[in-house]
Structure formats: C-alpha cells, structure tokens
Amino acid sequence: MNVVHQLLSYFLPQGCLSCRSVLALEEEGPLCPHCFKEIKYLSESHCSICGDPFPHEEIASHVCGECLSKPPPFEWARSLFELEPTLAKVIHSFKYRGSEVPLPWFSGEIAQWLQQQKLLVDCIVPVPLHRWRLLQRGYNQSLLLSRSLAKIMKVPVDDQNLFRKYYEKPQVLRSREERLKQVTRAFEVKKASVFKKKKLLLIDDVYTTGATLRDCARALKKAGAQVYALTIARTPLRTG
Ligand SMILES: [Zn+2]
Ligand SMILES: [Zn+2]
C-alpha cells in the first residue's frame with residue numbers, strides 16, 4: 001500500500017473487503033457483519049499431523065494414512081479457516097494489493113487459537129519470498145502477518161535465516177520437471193546453529209498442497225528445529 005492509499009484509508013470510511021459496503025464506525029472490519037457470517041472455521045475433525053480435515057465431523061482426529069506412510073517434517077500443520085470465496089477476497093487484497101486492513105483480525109485470531117493450544121514457541125518464521133519476487137511485490141505478506149502476530153505474542157520474528165534459493169516463475173511458465181524441483185528443494189537455512197533446538201512457528205497465508213510448508217519445514221528441521229506450521233486458510237477438502 002503506498003502513502004497516498006494509506007492516507008486515504010485513514011480519512012475515508014472503510015469498506016467491506018468482500019461486498020464493498022461501507023462499514024459503520026463501530027465495525028472493525030475487514031468484513032461487514034453479513035460477510036463475516038460466510039467465514040468458516042475449519043472442523044475439529046482432522047489429521048493430527050497435517051491438519052487435513054476429515055470428510056465427516058464425527059470422525060475423531062487421528063493421523064491420516066498419508067502422514068503415517070510418509071511423516072512430514074513438521075510436528076503439525078494447522079489452518080484457521082476454510083478458503084471459501086469471501087475469505088479468498090480478503091486474502092487476495094492482503095496478498096496482492098498490499099491491504100493491511102485485515103492484519104489485526106488475522107493475527108488476533110491466530111494468537112487466540114495458539115493460546116488455546118498452549119503452544120509456546122521461541123521464534124516466528126515467515127515463509128520467505130525470493131528476493132526478486134520481493135522486489136516486484138514490495139512486501140512479503142507472510143512477514144507482515146508474522147510481525148503483527150509477534151507484537152501480540154511477544155516473540156521474535158526471524159525473516160533472515162530461512163531463504164528461498166530459487167526464483168519462482170509463474171506456474172504456467174514452468175515445465176513439470178522444473179515445478180517439482182523448485183518446490184521440493186527451494187528453501188535453505190543460512191546458519192543452522194540459530195535454529196538448533198528451537199521451537200519455530202512457520203507462518204504462511206494459505207495451505208494448498210502443503211508442499212511449500214513441507215519444504216520450509218524440511219530445511220528448518222535439518223537445522224535442528226521443531227516446526228509448527230500455521231496458515232490463515234486452507235483450500236477446501238480434496239475429494240477422491
Ligand atoms: Zn460485506
Ligand atoms: Zn495427515
């Protein structure tokens with residue numbers, strides 16, 4: 001968000017990030033009460049490691065077949081919400097248009113959830129962007145979220161030690177082989193000693209296949225850390 005936008009957003013009444021209706025002064029946003037009703041918290045019935053929701057609410061949480069056969073490098077991965085169209089609009093404006101309006105809501109929800117889990121971490125680590133992507137976009141949304149969360153949790157953020165080695169070309173420009181190579185070994189840690197024996201909270205905006213989080217967690221675990229991966233949203237349940 002540039003300076004003009006920031007100034008305008010300070011003086012103009014805030015609009016709902018989904019339906020664009022003007023919010024009343026006492027409404028905190030980023031959505032109007034009607035759109036807030038569309039937001040879906042993820043079910044409590046999920047894989048206790050990867051966090052994938054089970055198709056039926058009544059199934060008790062347990063380790064899914066995929067995690068049993070190939071344990072992921074994180075202790076667990078969780079997401080707060082399902083990525084349905086309303087939340088997708090909020091995340092899009094945060095990720096691609098630099099709107100910081102939803103940040104207090106996101107970080108407040110995450111902090112509250114972590115408190116319920118009684119999880120204490122040593123450090124928050126955002127999923128990094130490659131430096132060229134950072135230059136193009138101007139900010140890393142996962143870092144913004146991490147900083148906002150760190151203020152509430154009083155925990156440091158480390159956005160220097162984990163880095164992305166490969167520049168991500170847009171998916172459509174990449175060959176299948178390139179895609180596989182880039183998502184499986186794209187991240188590395190500069191100084192392993194910094195993360196050794198640390199409990200780390202790895203932060204990203206959306207969990208789609210989990211490939212990015214797994215790759216980050218692989219590098220962090222190699223450095224001797226315990227990794228807890230958390231995203232705001234998860235794409236709806238994959239069927240079949
Ligand atoms: Zn609305
Ligand atoms: Zn699983």
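The values are calculated or read from the model by the stated rules, or taken from the named source; none is laboratory data. Keep in mind that what you see is a predicted model, and the values were worked out from it rather than measured. So basically every Cβ, Gly included, is an ideal-geometry build from the backbone, and we count neighbours across all protein chains shown.
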Going by the conditions given, is Leu87 under 16 Å from the mean Cα position of the chain (by Cα), more than 16 Å from ligand 1 (Cβ to nearest atom) and surrounded by 15 or more Cβ atoms within 10 Å (Cβ to Cβ)? no
Go through segment 36-83 and give me each residue that's aromatic (Phe, Trp, Tyr), under 20 Å from the mean Cα position of the chain (by Cα) and surrounded by 12 or more Cβ atoms within 10 Å (Cβ to Cβ). Phe36, Phe74, Trp76, Phe81
Could you figure out which of (1) closer than 22 Å to Gln226 by Cα; (2) touching a helix residue (DSSP H, G or I) at 6+ places or on another chain (Cβ under 9 Å) isn't true of Trp113? (2)
Please enumerate the residues belonging to segment 188-212 that are of a type in the set (S, T, N, Q) and touching a residue at least 40 places away in the same chain (Cβ under 8 Å). Thr212
Which one of these does Cys67 not meet: (1) outside any loop (DSSP other than H, G, I, E, B); (2) within 16 Å of ligand 1 (Cβ to nearest atom)? (2)
Just name the residue that is modelled with the lowest pLDDT out of those in segment 1-24 that are outside any helix (DSSP H, G or I) and either of a type in the set (Ser, Thr, Tyr) or more than 16 Å from ligand 1 (Cβ to nearest atom) (or both). Met1
Looking only at segment 92-148, count every residue that is outside any loop (DSSP other than H, G, I, E, B) and of a type in the set (D, E, K, R) and tell me the total. 6
Can you run down the residue pairs with Cβ atoms below 6 Å, 6 or more apart or on separate chains, where the first is in segment 49-74 and more than 19 Å from Ala225 (Cβ to Cβ) and the partner is more than 7 Å from ligand 2 (Cβ to nearest atom) and of a type in the set (Phe, Trp, Tyr)? none
Looking at segment 203-240, which of the residues that are charged (D, E, K, R) and more than 26 Å from Gln160 (Cβ to Cβ) is modelled with the lowest pLDDT? Arg238
Going by the structure shown, is Lys181 assigned to a helix (DSSP H, G or I), surrounded by fewer than 17 Cβ atoms within 10 Å (Cβ to Cβ), on the phi < 0 side of the Ramachandran plot and at pLDDT 95 or above? no
Going by the conditions given, is His56 more than 9 Å from ligand 2 (Cβ to nearest atom), part of a loop (DSSP other than H, G, I, E, B), out of contact with any Gly (no Cβ under 7 Å at 6 or more places or on another chain) and of a type outside the set (D, E, K, R)? yes
The lone exception for Lys40 - which of (1) farther than 20 Å from Thr208 by Cβ; (2) more than 16 Å from ligand 2 (Cβ to nearest atom) it fails: (1)
Filter segment 59-74 down to residues that are farther than 23 Å from Ile203 by Cβ, more than 9 Å from ligand 2 (Cβ to nearest atom) and modelled with pLDDT of 95 or more, then give me how many there are. 1
